[in-house]
Amino acid sequence: MIDEIKLEEKIKEKIQSKIVIEDPVVKITFKRILAYFIIYSFLGFIIETIFGMLTKGVVESRQSCLYGPFCCIYGLGAAVMIPGLEKFKKSNWGLAIAGMVEGSVVEYVISWVGEIIFQIKWWDYSNLPLNINGRICLLFSLFWGILALVLFRLINPFIEKIIDDMPKKLFNLIAVGGTTFLIFDLLFTALGLKIFYTRLINQYDLNLKSESSLVVSQEFLDNSIIEYLSEHVFTDEKMLKTFPNIKFEDVNGDIIWVKDILPDIEPYYFKISNKIHLK
């Protein structure tokens, strides 16, 4: 009888040891969201650079600002999607559908804000079916859904482990220091683009749509500091290589590519294939 009781207890212990205990829910703090933003912006920069190499045959800039290796749409997408999709992660279908919606909203807002601040159309889906103002389309909305699945099932668990194992000082440096650097970089970029646009419009007598929002006053340009930045920092080569896909719309609705205005400057760092496709 005693042996039977002991055997029964051992069986119960084995059954209990096989019970899978779910991982505790990650506490998402503001600093953690900042860390997501910086880490995924950097990963996005790497992904976009590789994508450009494979599709265009060149190594070109895919960064959102002048100096930091960041592609901000990936960082903002992750910073919004990880907290926002947490409640949908138990269902693959729910996660994919919610990811499509949330990712598309993020993409539209970033495109709209980017045009207001930088006067750059970072992407244009006008030639793809079922697009809204060229900012989002069905195909890339589907990609956002797939990305949400990949993010939650494969990538983010690995990133969470890295963050959890990271020394606190390093975590603060990435989250707070990285975000602060990026904010100043974006502001510096906005200034540089305004000066660059004004220089192009004046030098090449361009008649552009919404020209008043692109330029700065001559009085502003005559400032000694701004003049130095224009001549030595915001050079044509620096601006075109950093933003190779800048284009304007003239008053007739025609598209003018800056790379066509400055044909002597290669809009990439170096080529890796003889078959180059830049547009």
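Descriptive notes on the structure:
Results for (1) closer than 16 Å to residue 144 by Cα; (2) surrounded by 17 or more Cβ atoms within 10 Å (Cβ to Cβ); (3) out of contact with any helix residue (DSSP H, G or I) (no Cβ under 6 Å at 6 or more places or on another chain), shown as yes or no for each residue.
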residue	(1), (2), (3)
61	no, yes, no
65	no, yes, no
68	no, yes, no
74	yes, yes, no
104	yes, yes, no
108	yes, no, yes
114	no, yes, yes
127	no, no, yes
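- Of all residues in region 164-192, those being modelled with pLDDT of 90 or more and touching a helix residue (DSSP H, G or I) at 6+ places or on another chain (Cβ under 6 Å) number 4.
- Checked against the criterion of being surrounded by 15 or more Cβ atoms within 10 Å (Cβ to Cβ) and not assigned by TED's automatic domain parsing to the domain that holds residue 38, the candidates 201, 163 yield just one match: 201.
- Scanning region 77-94 for residues that are of a type in the set (A, V, I, L, M, F, W, C) and either out of contact with any helix residue (DSSP H, G or I) (no Cβ under 8 Å at 6 or more places or on another chain) or in contact (Cβ under 8 Å) with a residue 24 or more places away in the chain (or both) yields 78, 79, 80, 81, 82, 85, 93.
- Residue pairs whose Cβ atoms lie under 6 Å apart, sitting 6 or more positions apart in sequence or on different chains, and linking a residue in region 131-156 that is of a type in the set (Val, Ile, Thr) to a partner that is surrounded by 16 or more Cβ atoms within 10 Å (Cβ to Cβ), are 136/104; 136/107.
- Yes/no for residue 90 being out of contact with any Cys (no Cβ under 9 Å at 6 or more places or on another chain), surrounded by 15 or more Cβ atoms within 10 Å (Cβ to Cβ), in a loop (DSSP other than H, G, I, E, B) and not aromatic (Phe, Trp, Tyr): no
- Subset of region 195-235 (residues that are in a helix (DSSP H, G or I) and in contact (Cβ under 8 Å) with a residue 40 or more places away in the chain): 196, 197, 200, 204, 213
- Among (1) outside any helix (DSSP H, G or I); (2) touching a residue at least 24 places away in the same chain (Cβ under 8 Å) - the single one residue 264 does not satisfy: (2)
- So residue 132, is it closer than 19 Å to residue 71 by Cβ, surrounded by fewer than 18 Cβ atoms within 10 Å (Cβ to Cβ) and aliphatic (A, V, I, L, M): no
- Residues being farther than 30 Å from residue 188 by Cβ and outside any helix (DSSP H, G or I) - total across region 127-161: 7
The values are calculated or read from the model by the stated rules, or taken from the named source; none is laboratory data. Just so it is clear, the structure is predicted and the values come from calculations on it, not from any experiment. With ideal geometry, Cβ positions are generated from the backbone for all residues, glycine too; neighbour counts draw on all protein chains shown.
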